[in-house]
């Protein structure tokens, strides 16, 4: 058995290949295209920070809401930026805001998605080095969140984004990875399945996989996010498996 450093249980020579991931670290044609990033801003007030799992779930839903929005498709006002972004590396960056910072972010074109305790605003893609000033000044680091109690098991039939039990990530990094997983699931679904998920309000759960289940999850044919290694974790690490019931065919 042969695995990349830091990717135990991710890919092996004697296991079925996992679905390819546009987030993988190897050089591809995507690197030749102009590079864009999808900005997400999490509202993290000092006195009332959101629960970690709710923030991850809200970020994943925000990505889906952006993908499904009419302005992101066809001749919509964000469609060109969305196409350019998806033709290149599918980068997402999560920044944090509070107080006046959050109010300035809310004034920019985008969509705010609300969870039980979390608020995340997603913006149309911007060039990698062309962030709006009010977003560029926001901090990336320091997005450390906790769950006041262990998350309950996901409801049966709910799409689950399984986080790797082998990779430690900050909340901001995990929010971006959950967004990647939601996007991979979206790409694999049919138009009818898109509509059903959207009309239901994009229900989903983010949970950390049991270590004993992780090898089967990463080699079972479900979409797998393999990180490009730009921040925090080793290139090629499997971070998320997108387990949507419609993909278990």
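Summary table below
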item: Efficiency of FRET from Cβ geometry, residue 187 and residue 213, R₀ 25 Å, rounded to 0.05; result: 0.60
item: Sequence of 38, 135 once ranked by neighbouring C-beta atoms within 10 Å, starting from the fewest; result: 135, 38
item: Stretchable slack from residue 98 to residue 73, in nm (0.36 nm times residue separation minus alpha-carbon distance); result: 5.9 nm
item: Spatial extent of region 52-104: Rg and Dmax, with the Cα atoms as the point set, Å; result: 13.3, 36
item: For region 112-249, diffusion coefficient by Stokes-Einstein and Kirkwood Rh (Cα), 4 °C, 1.567 mPa s, µm²/s; result: 79 µm²/s
item: Cβ crowding within 10 Å averaged over residues, with 100-110, 237-247 ranked highest first; result: 237-247, 100-110
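Read the figures in this text as sums done on the coordinates, not as results from a lab. Just so it is clear, the structure is predicted and the values come from calculations on it, not from any experiment. Using ideal geometry, Cβ is built from the backbone for each residue, glycine included, and neighbour counts are taken over all protein chains shown.
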